[in-house]
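Quick notes on the structure that follows.
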Amino acid sequence: MRCTALWIQSFFAVVLASASAASLAADKPVTAQEIAVGTKQYGPAQQSQGGLSNLDLELQAYVERVGRKLARASAFPDLPYAFVVINNSELNAWALPGGKIAVNRGLLAELDNEAQLAAVLAHEISHVTKRHSARMQKKAGGASLLGALVGLGVGAKVPEYRELAMRGASAVAFAGQANYSRDHEIQADNEGIKLMVAAGYDPRAAVDVQRVFLSKVQNRKSNALEALFASHPPSQERVNNNASRAGKYPEGGMIGKLEYTRAIARLEKDRPAYAFLSEAMTAYGKKKYDDTLALCDKAIALQPKETLFWELKGIALLQQKQFSKSISALNQAVILNNAFFRPLLYRGIAYKEQGAWDKAQSSLSASNALLPTQLATYHLGEIAQRQGDRETAIKHFTAVANAGGELGEAAKRQLRDL
Ligand SMILES: [Zn+2]
């Protein structure tokens, strides 16, 4: 933690030196330190949630365009805003302090028009400009993704790869999953509606979005809602509040049905493939690995370029101890997205099972460079141990032990034996 604090200070100094004087004036609510924290956490936070959705770069660009349009109209247009689509089927969106915002692929698939997307992004921008995300982080104990090793099982309420994530699932406090208070939610809704109007959108879309989320939560049809429910809980109060606020503005703002339909055309086409993935994950959670593999193959037949389909196939094969086949599926997952830590991690484990130490080490290290996890570090420790590199093994096991949890206990036992 000490290193972390020092690191922030030095980064803070750099930001102080380079940021415009205006953004540091006393009346500006977002501080340079918040910007530094958000910037530093953005990458790891994206990784922990599924990495960037890279199948449709035009969709990424579209979401960024809508986000920037709103950001320009916001109270603080000069913040280093960024908007990305995360490769995650859950309905969620999040913001880090300073303007780093993300929206899940699964949420985009539930929206109907550009104004609804603007409602989601304007709400997140408002959490930033009202400094809710910064305050939540302070409450959660500060920059918890910085420096520490991340346990897996992060944000995985579904039994996502639980068996392999196994002993490492220490909970990671992450600002994007912070529970905003009821007051903060209403404040972000109100500010968001103002922002939508300022950017030219019809604010009634914010009411529609809340209605959609609320009805999904009430029907409890899907466990893809857990994250949204935890971070931005929908409620009848919010629907009513949005309706009364939005109703005060004249009609005629942009809806953008055609633009949105065009932007998510690919997502729409891939909907059945992602439905197979969801079934495959359920089967995996029940340890039905043959079913998992059959469902992954169905998904792949519909969309062979989605890294997640190949990844789950590789993990199920790993469970079945079919290491060569597992490696070839995970290789495909890495080829399709080499900027996501998870396939690299599991491929490293598969190589290790085969005794291919060098390949295992390089895959696990590449995974840790994207998101340092307890699981990868533990396996790196075991590899070092088997190679007779006691010093490196101690270094890795100590880091795992310090991160706590069951895997931390396992690392402590390893350290005692060394
Ligand atoms: Zn919120």
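Residues H396, H379: which one is in contact (Cβ under 8 Å) with a residue 24 or more places away in the chain and surrounded by 16 or more Cβ atoms within 10 Å (Cβ to Cβ)? Don't jump to the end; show me each part of the working.
Details: H396 fails: in contact (Cβ under 8 Å) with a residue 24 or more places away in the chain.
Every option except H379 fails the conditions.
Can you tell me which of (1) surrounded by 22 or more Cβ atoms within 10 Å (Cβ to Cβ); (2) at pLDDT 95 or above; (3) within 16 Å of the ligand (Cβ to nearest atom) is the one K194 doesn't meet?
Result: K194 fails condition (1) only.
Give region 335-348 a look and list any residue that's surrounded by 23 or more Cβ atoms within 10 Å (Cβ to Cβ) and aliphatic (A, V, I, L, M), or say none.
L344, L345
Quick one: which residue in R266, R245 is at pLDDT 95 or above and assigned to a helix (DSSP H, G or I)?
R266
Mind checking whether some residue in region 250-262 is in a loop (DSSP other than H, G, I, E, B), assigned by TED's automatic domain parsing to the domain that holds H127 and in contact with a helix residue (DSSP H, G or I) (Cβ under 6 Å, 6 or more places away or on another chain)?
Among the residues of region 250-262, at least one is in a loop (DSSP other than H, G, I, E, B), assigned by TED's automatic domain parsing to the domain that holds H127 and in contact with a helix residue (DSSP H, G or I) (Cβ under 6 Å, 6 or more places away or on another chain), which makes the answer yes.
Considering region 117-138 alone, what residues qualify as being open to solvent by less than 10 Å² (accessible area, probe 1.4 Å) and either more than 13 Å from the ligand (Cβ to nearest atom) or outside the structural domain of Q47 (by TED's automatic domain parsing) (or both)?
L117, A118
Please verify whether A205 is open to solvent by less than 20 Å² (accessible area, probe 1.4 Å), under 25 Å from K69 (Cβ atoms) and modelled with pLDDT of 95 or more, treating the condition exactly as stated.
Yes, satisfied.
Could you please let me know if L228 is open to solvent by less than 70 Å² (accessible area, probe 1.4 Å), out of contact with any Gly (no Cβ under 9 Å at 6 or more places or on another chain) and within 20 Å of Q60 (Cα to Cα)?
No.
Just a yes or no: is a residue in region 160-178 basic (K, R), farther than 19 Å from H132 by Cα and at pLDDT 85 or above? I'd like the intermediate steps shown before the answer.
Taking region 160-178 and keeping what is basic (K, R), we get 162, 167.
Next cut, farther than 19 Å from H132 by Cα only: 162, 167.
This time we only want the ones that are at pLDDT 85 or above, so: none.
The answer is no, given that none of the residues of region 160-178 is basic (K, R), farther than 19 Å from H132 by Cα and at pLDDT 85 or above.
Just to be sure before I move on: is L418 closer than 26 Å to W310 by Cα and not polar (S, T, N, Q) in the structure I sent?
The answer is no for L418.
Take E237 and tell me if it is within 16 Å of the ligand (Cβ to nearest atom) and out of contact with any Cys (no Cβ under 9 Å at 6 or more places or on another chain). Explain how you work it out, then say what you get.
Numbers: within 16 Å of the ligand (Cβ to nearest atom): yes; out of contact with any Cys (no Cβ under 9 Å at 6 or more places or on another chain): yes.
Taking the combined requirement at face value, the residue satisfies it.
Would you mind finding the one in K321, K288, K313 that is surrounded by fewer than 16 Cβ atoms within 10 Å (Cβ to Cβ) and touching a helix residue (DSSP H, G or I) at 6+ places or on another chain (Cβ under 8 Å)? First the steps, then the outcome.
Values: K288 fails: touching a helix residue (DSSP H, G or I) at 6+ places or on another chain (Cβ under 8 Å); K313 fails: surrounded by fewer than 16 Cβ atoms within 10 Å (Cβ to Cβ).
Just a single option satisfies the conditions, and that option is K321.
With a cut-off of at least 2 residues that are free of Cβ contacts under 8 Å to residues at least 40 places away in the same chain and in the same structural domain as K130 (by TED's automatic domain parsing), name the strands (runs of 3 or more DSSP E) lying wholly within region 50-108.
82-86
Across region 213-225, which residue is modelled with the lowest pLDDT among those that are away from the ligand (no atom under 15 Å from the Cβ) and part of a helix (DSSP H, G or I)?
Among those residues, the one meeting the criterion is N223.
Any chance region 268-277 includes a residue that's touching a strand residue (DSSP E or B) at 6+ places or on another chain (Cβ under 9 Å) and either within 16 Å of the ligand (Cβ to nearest atom) or closer than 21 Å to L107 by Cβ (or both)?
No, that holds for no residue.
The values are calculated or read from the model by the stated rules, or taken from the named source; none is laboratory data. Note that the coordinates shown come from a computational prediction; the quantities given were computed from them, not determined experimentally. FYI the Cβ positions are ideal-geometry reconstructions off the backbone, even for glycines, and counts take in every protein chain you see. Accessible surface is based on the protein model in full, side chains and every heavy atom, while ligands, DNA and RNA are left aside. Shrake-Rupley method; radii C 1.70, N 1.55, O 1.52, S 1.80 Å.
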